[in-house]
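*Asks:* The structure that follows is given in the form of structure tokens.
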Amino acid sequence: MDGRHLFLGAFIAALPLAVDAPGPARDSSQASPGETRLSIAGGAGSYALVMRGCEGQVLSSETVRFRDMGASADHKFSNPIRVGLRAGTVHSELAGGSGDNGYVNPNLSLDWRWVSMGGGYLRSQHGFPGRGNRELSQIPVSGHLRLGPERVHFLISAMEDVPLYSGGGYCDVGAGFRAGTRANVVFVGLSALGPYDGVGFVLHASPALTRTISLDLKGRLGPGEGQTEVGFAVGVSYIAAGAPRRNTRPASDGRLQR
């Protein structure tokens, strides 16, 4: 099974998570029953494959061009638990040939208003290229930590970008902002640790197209030993919330009233 088949199988398996119908807008008097998000994106870019000596001197440098795709599906329950699945495929080309890799990433998070933390198991067909060498390494986990409410927060994430390469890279650190009541989200930060050789600037933006659909735009730009390392991705997300439940209160005779 190649990377594309692995990606397609994981994406189809995740579709049942996104069958909730959109519900009416919530207000402070209503309790949320949960939320489902389904995203898919594709991108391309290039990074520097740099070989260094024992003392850190540059021995050689060449450009690796790539195309990648990614998808994710997750569901947030009425409690803090969020379960999800990410999957993707990467096609890389360099002077010596080309290669494909596919991965799946089931994950679990605990989301509160001021804190979110989560992790997952990352299973790939082949290893991922490390910074500054040709060695491929298995990276078995993903994770993130958010501090602050979604409207303004600090975020560090590892192996969670969708797509993985063009969406930013192995590790992002920065600040996120949510503008307005719809899914207008912006993330600004730094990308590091791979597959790119150097540290780069990363920008994510998700302008809302409709009440339930947003456009996902992601970019990454930075230097890498005389080369420009860049990635750019475009995708779409669908967000669905179940019908809200109104708060209940006990009646004087002990029955519940709405």
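*Asks:* Report, in whole Å, the centroid distance computed from the Cα atoms of the stretch 86-150 and the stretch 223-237.
*Replies:* 16
*Asks:* How large is ³J(HN,Hα) for each residue in the stretch 146-161, as worked out from phi by the Karplus curve 6.51 cos²θ - 1.76 cosθ + 1.60 (θ = phi - 60°), to whole Hz, x for Gly and Pro?
*Replies:* Result, rounded to whole Hz: 10, 10, x, x, 4, 5, 8, 8, 9, 9, 10, 9, 10, 6, 10, 5.
*Asks:* Next question. With only alpha-carbon pairs counted, each pair once and no self-pairs, how large is the Kirkwood hydrodynamic radius of the stretch 58-97 in angstroms?
*Replies:* On the way: mean 1/r = 0.0740 Å⁻¹.
For the stretch 58-97, the Kirkwood estimate is 13.5 Å.
*Asks:* Mind listing which trypsin sites (Lys or Arg not before Pro) in the stretch 145-210 are in a DSSP loop and have 14 or fewer other Cβ atoms within 10 Å?
*Replies:* Sparse-neighbourhood loop trypsin sites (Lys or Arg not before Pro): ARG151.
*Asks:* Applying a 10 Å radius around every beta-carbon, put 111-118, 65-72, 198-205 in order of their mean neighbour count, most first.
*Replies:* 65-72, 198-205, 111-118
*Asks:* Where in the stretch 66-102 is the amide nitrogen less than 18 Å from a point lying 7 Å along the Cα-to-Cβ axis of VAL141?
*Replies:* Only 84, 86 pass the distance filter.
No value in this document is a laboratory result; all are computed from the given coordinates. Source: prediction; values computed, not measured. Backbone-built Cβ (ideal geometry, glycine too); neighbour counts: all protein chains shown.
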